[in-house]
Amino acid sequence: MSVCLFLIFALFCFKKIILIIAVVGILLGNCFYFIGVSLFFSGVKNTSSAVVSGYVSDDISSSEFTTSLILRDVSINGDDSKNIALRINNDISISLEPGEWLIFVADLEKVNLFSFGYINSYYFRNNAPYTATVYASDIVKSETHTDFDEKFRLKVKGLLYSKLSNQNADISYALLFGDRSNISDVNISMFNDSNVLHLFAVSGLHVGFLVALLAFILDKLNVNFYINFITSGVFVFAYSYLCGFAPSVLRAMIMAYVLSFSYITGREYDGLSSLGLAGTITLIFSPLSAFDIGFLMSYFCVILILFSAKPITKFLLKFFPKIFAEGIAISISAQLGVLPFVSSLYSSFNFISPIINLLIVPIFSVLFPILFLSVLLVIIMPFLSFIFVIPNLILNFVMLILSFFSSTVLSINLLPLNPFYSVCIIFTAFIFSRFVRISNLMKMFSFSVILFSISCSHFFTSLPSENISYISYFTHDTLVVRNKKGNVALIDPYESSSLKNVLNKNNIYSFDLVFFIDEYPDMELVENYSADKVYVYSDLIEETSCDGFVFNYIYYEEKFVGLSLFFDDTSIFFARSSSLSYNICDYVNSFDFDFVVIGDKSSFASSIDSKVLCYKSQSKKTFSYSNYGNFFLKKKRNKFIIRSYD
C-alpha cells in the first residue's frame, strides 16, 4: 500500500520521470531481494547429526543456564560452511574465550531470517544461516585463533576494564564499537527511558567526531589538505571495519566521503543526495539490509532531520536563541525518525528527551574523542594510563544526569505503530519539505489522500478475527487465542520481542484472560498491559467459564500436566512439557482435543492423535516452529488455515 501511495503521488504530480524511476526501483529492489536471500541460504540445508567445528567469535553472551555465540570459519562434515548461531546448554560449567576452536555433533537447522517484516539482524549481520543447540558436555575445545579485528576489540576491552569501573567500561566499549551486550539490563533500561540509546549505535555522530578530531590534529600539524583527506578516509574505513561494517556505520562512512569530496572539488554538498547514494551502495552489496531495523532507524533518522529540522528551527527561533533552536530541532527530528521503530520494540518515550539529548549529546561529543584518544595513546604508551581519569569522571556525571531524567513522570510507554502509518508520517514530512516543489494545492491533495488511506487501513485492520497464534522463544511456547467475540486469552506468556510483535499485528493491547503454566511465571509483560484475570496453575481446581472461554488446569495422578481451553467449536490442550510422558499422552488423547501444544518435546508428537503445535517438526500432523517460524491458525469456513508471521 505504501508503494501504491508513492506511485499515485508521482502520477498526480505529472512527473513521468519520477514514476518511471519508482517502477524501475521497485522491480530492481525485488530482484536484489531474491538474489540476497538466495546468496544468504546458498548451500544451506537442515542436517541431522552433523560433525561441526569452528572458532568462537567475540560475540558471546552467557547466563547461568545457557551460552549463546557465533561460530565462525565453520566446517560441517569436513566441508567449509557459513557461520552458525550456537546455543549451548550449560549442563556442566564451561568457559569459552574468543578464538577457541570447538568440535561437536549437533542437528543444524536453517534460521528463520525474517520475522514480522523485519530481518533477524543477529543472524544477518553475522552471516549465520544455521542455528544449533548442543550440551556443554558434548563439546571438545582445542587451539585458539583470533582475527585482527577481534584481537583489537579484545585488547581495547581489556584496557577499558582495567582502567575504568565495570559500569563505565561497559558503556565506553559500547560507545566505541556499538556493542551493547555487556551493558547491564538496568542501565539499558535507563538509557532507553531517557531516549539516548541511539548514542550507542555507531553512526554519523561517531564518524563525524572522528573526522573532526583527525582534521583538527592534522591541520595543527600543517599536513597537506589532500593527505588530510586520504588519512581521514583510511581512518574512517578502519574504524568501520572494527565496528563490523554495521549499516549505520556504512551510511556514515559513505556520507563522510561524499562531504569531504565535495569540499575538495568545491561542489555544493546535498545531504539528501548523499544519503541516497549511501543507501544505494549499501543495498547493492547487501540487499537484505533494507529489512534490518538498524539500517532503517539510521536512515529514517537522517531523513527526518533533512525534512523537518529547518521548519522546526524556524518555529523555535521565536522562543530560543539560534544555537538552542537548532539543537532542539535536530533532536526532535531525530526522535520522530526513530519513533516508529522504537514503538515497534515497545519502548518508552520521554517527552523531555529533546532537552535530555540537548544536554547529553554535547557531553558525548567531548567524551568520544577523549575516549578514542585515550585508548590509542595508552595502547602505544601504557604509562599514560592516568588519562582515563577524565572519561571516568565524565561518564559518572552522565550517569547522574540520566538517572535523574529516566525516572521522570513525563515518560510514557509506547504502543507499537502500524508500519503503514509510519510510512504515511514520513511521506507527509517529505511532501511538505523543501525538497518537493509542487503547488500548495497539490500538497493538500496529497495529504488528503494519505488521511483517506490511513482511515481505510484502520478500518480493515481493526476488525477482530478468530485465530490462534503460536510464538516460540528459545523453545518456550506461548499461545494468543482470540474467539469470535473478540475476547483474548494469553497462555504462558514470556517477555520477548516476538510476542510483542504478534500482539501488535493483531491490535491486542489488553487481555481478558492470562494463564501461566510455568512454576515461576514471567509477569513482566502482563504488568505492562491491562489484564482482567490472571491465573496460575494453583488457582483453579474445577472447570471455569469466562468471556466465551471454558478452561481448567488438568491434573493426572495428582500431578499438574497442563491447561485445557475450549472456545467456540475449538479445543486446545497446552501441556506442561516438563511433565510429559507417554501415559499422559494417552490420557490427553481421551479428551479428543483439536490442538495439543507440547513445546520442545517433539518426540511425543507421534503418540498424540490431535494436531500438534511444537518447536520442531515431527510428522505431517505437526505444525512446528522449525517449519513455519512463529505462526497463526486462522478460522475460515470452519477450518483452521496456517499462516506464518515470519
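Some notes on this structure:
- The listed residue being part of a strand (DSSP E or B), in contact (Cβ under 8 Å) with a residue 40 or more places away in the chain and open to solvent by less than 70 Å² (accessible area, probe 1.4 Å), out of TYR55, TYR33: TYR55
- All positions within the stretch 207-234 that are closer than 26 Å to ASP149 by Cβ and surrounded by fewer than 16 Cβ atoms within 10 Å (Cβ to Cβ): ALA212, ILE217, ILE227, ILE230, VAL234
- Filtering SER344, SER333, SER353 for residues that are buried (at least 19 other Cβ atoms within 10 Å of the Cβ), out of contact with any strand residue (DSSP E or B) (no Cβ under 6 Å at 6 or more places or on another chain), more than 30 Å from LYS155 (Cβ to Cβ) and at pLDDT 80 or above leaves a single hit, SER333.
- Entirely in the stretch 112-197, the helices (runs of 4 or more DSSP H) that have 2 or more residues that are of a type in the set (Phe, Trp, Tyr): 121-125, 148-163, 166-177
- Test: ILE303 is closer than 28 Å to GLY25 by Cα, within 22 Å of the chain's Cα centre (by Cα) and in contact (Cβ under 8 Å) with a residue 24 or more places away in the chain: yes
- The single condition among (1) over 28 Å from SER184 (Cα atoms); (2) open to solvent by less than 40 Å² (accessible area, probe 1.4 Å); (3) not hydroxyl-bearing (Ser, Thr, Tyr) that ASN83 does not meet is (1).
- Only one of ASP512, ASP600, ASP518 that is charged (D, E, K, R), modelled with pLDDT under 80, touching an Asp or Glu at 6+ places or on another chain (Cβ under 9 Å) and surrounded by 16 or more Cβ atoms within 10 Å (Cβ to Cβ): ASP600
- Members of the stretch 276-310 found to be charged (D, E, K, R) and either assigned to a helix (DSSP H, G or I) or open to solvent by 30 Å² or more (accessible area, probe 1.4 Å) (or both), listed by number: LYS310
- Scanning the stretch 202-257 for residues that are among the hydrophobic types (A, V, I, L, M, F, W, C), assigned to a helix (DSSP H, G or I), over 15 Å from LEU373 (Cβ atoms) and modelled with pLDDT under 75 gives LEU205, PHE225.
- Per-region count, the stretch 530-551, residues without any contact (Cβ under 8 Å) to a residue 24 or more places away in the chain, open to solvent by less than 50 Å² (accessible area, probe 1.4 Å) and either farther than 20 Å from GLY599 by Cβ or outside any strand (DSSP E or B) (or both): 4
- Residue count, the stretch 500-529 (criterion: closer than 22 Å to CYS546 by Cβ and assigned to a helix (DSSP H, G or I)): 4
- Annotation: of all residues in the stretch 36-50 being under 18 Å from PRO129 (Cβ atoms) and in a strand (DSSP E or B), the one that is least open to solvent (accessible area, probe 1.4 Å) is ALA50.
- Applying the criterion of being within 22 Å of the chain's Cα centre (by Cα) and outside any strand (DSSP E or B) to the residues of the stretch 83-111, the residue that is nearest to LEU71 (Cα to Cα) is ASN83.
- Any pair with Cβ under 8 angstrom, 6 or more apart, that starts in the stretch 560-583 at a residue that is surrounded by fewer than 17 Cβ atoms within 10 Å (Cβ to Cβ) and ends at one that is in a loop (DSSP other than H, G, I, E, B): PHE560/TYR537; PHE560/ARG576; ASP568/GLU466; ASP568/ASN483; ASP568/LYS484; ASP568/GLY548; ASP569/ASN638
- Restricting the stretch 146-200 to residues that are hydroxyl-bearing (Ser, Thr, Tyr) and at pLDDT below 80, the residue that is surrounded by the most Cβ atoms within 10 Å (Cβ to Cβ): SER194
- Near pairs, Cβ below 6 angstrom, 6+ apart or cross-chain, from the stretch 626-646 (over 20 Å from ASP600 (Cβ atoms)) to any residue that is at pLDDT below 80 and open to solvent by less than 40 Å² (accessible area, probe 1.4 Å): LYS635/GLU466
The values are calculated or read from the model by the stated rules, or taken from the named source; none is laboratory data. From a predicted model like this one, the values you see are computed outputs, not experimental measurements. Note that we place each Cβ from the backbone using ideal geometry, even for glycine, and neighbour counts take in every protein chain shown. Ligands, DNA and RNA are stripped out before the accessible areas are found, and what is left, the full protein with its side chains, is counted by its heavy atoms. Shrake-Rupley method; radii C 1.70, N 1.55, O 1.52, S 1.80 Å.
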